Structures are given as structure tokens and as C-alpha cells.
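Colleague: Below is a structure I'd like to ask you about.
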Amino acid sequence: MIRDMTSEERYIRKRLRRARKEAKSFYDCRKYPINRHKIVFMNIEGTVGYGCNPKYICEEMRRRNAMRRENNEKPYDLVWLVDDISLPFPDDVRVVRNTLKNRAYELSTAAVWVDNSRKQLEVRKRSGQFYLQTWHGMIGVKPTGLDRGSSFSRIAYIVSKHDSDMIDIMLSNSDFRDARLSRGMLYDGSVLKIGSPRNDGLVRRDPDACMAVRRKYGLRPEDHIMMYAPTFRGGSQTMQRTIAKDLHVPDFGRVLSHMQKRFGGEWYMFLRLHPQLTARHIGWNISGSHLIDVSQEPDMYELLAACDAFLSDYSASVFDAAVMNIPIFLYVDDYDDYIRERGNLLIDFNELPFPFAKNDDALASCILDFDEEKYHEGLAEMMKTFGVIEHGDASKKAVDEILSHMSE
């Protein structure tokens, strides 16, 4: 007796059939030689533009290219695959629309791939190519991969394993990250523990760059900025993919008022949606004189470096912001639902130095009762416990690693 396939099995077979069909484009492109001077970058599968870890590695490559031109040496061909080629990019980065045909040609003929998310199922890597995976969050409380248990679907496993098997080196910034790679990323290969390239600017915090952010948004040098950047809620979770006033969003007016009472000065809120939401043209349905929507800015980390406080939820970005030693608060009014649908968190919130709240009243207390001395002691202990390495030179070290493989 032949049993009927489940809807999941049918979906998986459909995805695999499509991947095999589309992989033909990659095999066809093997007739072209690999360009030993070409590096291809992608950010969140090409859905967003010039940002995250790949941007900062690309910036360092641009600096190396400038030196090569001065020495009359051939510059490296820096290629960026993106869905929307109208997004802003540097003039010396070759922007290519992320279609199957273009993706197959550019990836198949590149010496190096740099990505921060999974490669699609149809992608095929050639012998002699080098794949550096940066990922888009090093330390996090959200379970990923096998740590998600039953909420980690079979197709997610297939996609993850396909990508991980192609990776040559994975970046890391901590002992915590190293310990999670096998289960969270299905990865047991080589690891380069140098820090997060996107955090280099947070470590250095260039004063001129911070002032440029304030000028861009009409703020005075003495004004204070708090950024609110919630994580992406999607995948197996049931909540709708949008942001509204009644959907897991704090009362921003109260937050800013309490920040002024506790820390003094005039406070503004940068509102930053997850890039997977902005790619779907989802925006904020909120307005206010001290609320500034920065979701369309390609690089969150240029803005974050100028901030004086940070507000988020389950996002890995809280551990990035922590390198600046600024106050960080967590607003998690869907805490119980989130765990039920996503799986148990990897870190107990009670073990973190960040004050967390499940409603507006609790968040008010977290801000007004903020103990600066206790908080900074907790931050230092957390960094030590997790074995964090962030020295502000991760981009340079990543490029050194890339160039060592290109020279081979």
C-alpha cells in the first residue's frame, strides 16, 4: 500500500525539483574560467542593500584597491548582488541585479563569496572557490537550527545543510558563538575568531561620523538618541509580519519621557525595522515629533554608533550595542508566546545585564531605576563569560584571510 505524501513532503519535493532545474545555470557557467580577482558580496539573500558584515569587509577591500591603484596594480573586482539595483552603493562596487542568470554567472566565476545568510538551494560551488560566511548575528538569545527543536522544519534543515557544506570559514566573535555553530548553524568546519566586521565602527565610534548622523536628522550635538530595533518575527511564528501600535511595540512617548527624567537632556527615538520587513515594503504606522524612522537607511550600524541608548527585544543586535557600553533595555510583551512558537531561548534573560520588561509600566521602572554601576559590572561579566572578542579590526583581519586564499 502506497501512503499519500504529506503537504510538507510535497513542498520539499517541489523545492528540490526547482533547485535541480535552476542549478543547471550554475553548471552551464562552468565553461567560464574563475576570475582570481573577483569577490561577490550578498546581504540577506540580496533583499537589502549595502550593509551588515559584508559591507564592512567590502569597505576594507575598497581601501586595499585604492592602494593597488596607487601602485599600478590590478584592482579586485568587487561585485554586489542585490534585488534592487537603485539602492545606493559606492561607485567602485559593481552592482548586479540578483536574477538567477546573473547570480549563476557571477558566483560561478568568482574567486571568493562573502555572505551573511544562507545561499539558495540551486547554488553550486566550484572547486577552488573560497566561501566566507559572516552571518548576521554572532551572539543571540533566539534558538536557531537544531536548537529550535520541532519548529526547525525539514526544508530549513535541507537549506541550512546545503549552505554549511559549502562554507570554507565561518566568522566568530566569541566562545559562545563557537559553541553554538554545530547545532545552530549545522557547521563543523574552520572558524575565524576575529570579531564582527560590522562592530568595528561601534568599537571606534568616530566622533565626526556620529556628528554627521545628528546633522543629517537635524539634531543638535547635545541631543540624545535611543534606537528601537526589534527582531524579525516570522518563519514558523504565527504573528503577522507588520508593525502596528498595538503589536509588541512600547509606548515611545513614555519611553522618551522616562529617559529624559533618568538621564537628562532631550531624547529622540530612531525607529528601525528589520530589513526583511522593509524589503516587503512594510513600514511604521506611528508618528511623533521625537520619532525618526530610519528603516530605509541601508546600514543600521552607522546610525547605532551615534546612539546613546538602545531598545530591542530578542535581537542579536543587543550584544553588538553592548560593545559601546550604552544603556540597553529589552521590551518583550510577547515573551511567553514567543518561546512557545520559537522554542526556549538560549540565554535566560535574568542572567543578562539588560533590564527587560513585559509591559509599559515595567519598562518605565527599568528606565527610572536604572543602576549604572551595577549595569556596567554586569556588562563586563557577560563579555568575560561569553569570551567576546571585539577589537575594532575584524574587517581588516577578514580581508587578510580572503587575500591569503586569493594568493593561493
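Colleague: Please verify whether E341 is assigned to a helix (DSSP H, G or I) and more than 23 Å from I139 (Cα to Cα), treating the condition exactly as stated. Spell out how you get there, then give the answer.
Modeller: Values: assigned to a helix (DSSP H, G or I): yes; more than 23 Å from I139 (Cα to Cα): no.
Taking the combined requirement at face value, the residue does not satisfy it.
Colleague: Which one is most open to solvent (accessible area, probe 1.4 Å), of the residues in the stretch 353-382 that are of a type outside the set (D, E) and assigned to a loop (DSSP other than H, G, I, E, B)?
Modeller: The extreme case among them is K358.
Colleague: Suppose we keep only residues that are assigned to a helix (DSSP H, G or I) and either acidic (D, E) or touching a Ser or Thr at 6+ places or on another chain (Cβ under 6 Å) (or both) within the stretch 395-408. Which one would you say is least open to solvent (accessible area, probe 1.4 Å)?
Modeller: Going through the stretch 395-408, the residues assigned to a helix (DSSP H, G or I) turn out to be 395-407.
Among the residues that remain, those that are also either acidic (D, E) or touching a Ser or Thr at 6+ places or on another chain (Cβ under 6 Å) (or both) are: 400-401.
On the way: D400: 62, E401: 45 Å².
Restricting to residues being assigned to a helix (DSSP H, G or I) and either acidic (D, E) or touching a Ser or Thr at 6+ places or on another chain (Cβ under 6 Å) (or both), the top hit is E401.
Colleague: In the set S174, S190, which member is in contact (Cβ under 8 Å) with a residue 60 or more places away in the chain and farther than 24 Å from R340 by Cβ?
Modeller: Numbers: S190 fails: in contact (Cβ under 8 Å) with a residue 60 or more places away in the chain.
Residue meeting the stated conditions: S174.
Colleague: Kindly evaluate L202 against the criterion of being within 24 Å of G51 (Cβ to Cβ), in a helix (DSSP H, G or I), open to solvent by less than 60 Å² (accessible area, probe 1.4 Å) and without any contact (Cβ under 8 Å) to a residue 12 or more places away in the chain.
Modeller: Here the answer is no, as L202 does not meet what is asked.
Colleague: Taking the stretch 205-259, which residues are at pLDDT 95 or above, open to solvent by less than 40 Å² (accessible area, probe 1.4 Å) and among the charged types (D, E, K, R)?
Modeller: Within the stretch 205-259, R214, D223 qualify.
Colleague: Condition test on Y56, is it touching a helix residue (DSSP H, G or I) at 6+ places or on another chain (Cβ under 9 Å), open to solvent by 50 Å² or more (accessible area, probe 1.4 Å) and part of a helix (DSSP H, G or I)?
Modeller: It is false that Y56 is touching a helix residue (DSSP H, G or I) at 6+ places or on another chain (Cβ under 9 Å), open to solvent by 50 Å² or more (accessible area, probe 1.4 Å) and part of a helix (DSSP H, G or I).
Colleague: Collect the residues in the stretch 319-336 that are in a helix (DSSP H, G or I) and within 18 Å of D371 (Cβ to Cβ), keeping them in residue-number order.
Modeller: Matches in the stretch 319-336: A322 only.
Colleague: How many residues are open to solvent by 20 Å² or more (accessible area, probe 1.4 Å) and out of contact with any Gly (no Cβ under 8 Å at 6 or more places or on another chain) if we restrict to the stretch 291-320?
Modeller: Within the stretch 291-320, residues that are open to solvent by 20 Å² or more (accessible area, probe 1.4 Å) and out of contact with any Gly (no Cβ under 8 Å at 6 or more places or on another chain) number 5.
Colleague: Still on this model: Please pick out the residue among C58, C52 that is in contact with a strand residue (DSSP E or B) (Cβ under 7 Å, 6 or more places away or on another chain) and closer than 23 Å to G137 by Cβ.
Modeller: Working: C52 fails: in contact with a strand residue (DSSP E or B) (Cβ under 7 Å, 6 or more places away or on another chain).
The unique qualifying residue is C58.
Colleague: Still on this structure, I have one more. Of these, L379, L363, L346, which one is under 18 Å from L311 (Cα atoms) and touching a residue at least 60 places away in the same chain (Cβ under 8 Å)?
Modeller: L363
Colleague: Okay, moving on. Any chance the stretch 26-37 includes a residue that's in contact (Cβ under 8 Å) with a residue 40 or more places away in the chain, under 18 Å from the mean Cα position of the chain (by Cα) and under 30 Å from M138 (Cβ atoms)?
Modeller: No, the conditions are met nowhere in the stretch 26-37.
Colleague: Can I ask one more? Could you please find all residues in the stretch 84-120 being touching a residue at least 60 places away in the same chain (Cβ under 8 Å), touching a strand residue (DSSP E or B) at 6+ places or on another chain (Cβ under 7 Å) and assigned to a loop (DSSP other than H, G, I, E, B)?
Modeller: Answer for the stretch 84-120, where residues must be touching a residue at least 60 places away in the same chain (Cβ under 8 Å), touching a strand residue (DSSP E or B) at 6+ places or on another chain (Cβ under 7 Å) and assigned to a loop (DSSP other than H, G, I, E, B): just T109.
Colleague: Okay, next question. Somewhere in the stretch 72-79, is a residue open to solvent by 80 Å² or more (accessible area, probe 1.4 Å) and closer than 25 Å to R126 by Cβ?
Modeller: In the first step, residues of the stretch 72-79 are kept if they are open to solvent by 80 Å² or more (accessible area, probe 1.4 Å); the result is 72-74.
Now narrow it down to the ones that are closer than 25 Å to R126 by Cβ: 74.
For the stretch 72-79, residues open to solvent by 80 Å² or more (accessible area, probe 1.4 Å) and closer than 25 Å to R126 by Cβ: present.
The values are calculated or read from the model by the stated rules, or taken from the named source; none is laboratory data. What you see is a predicted model; the values in this text were computed from it and never measured. Note that we place each Cβ from the backbone using ideal geometry, even for glycine, and neighbour counts take in every protein chain shown. Note: areas computed on protein heavy atoms with side chains; ligands, DNA, RNA excluded. Shrake-Rupley method; radii C 1.70, N 1.55, O 1.52, S 1.80 Å.
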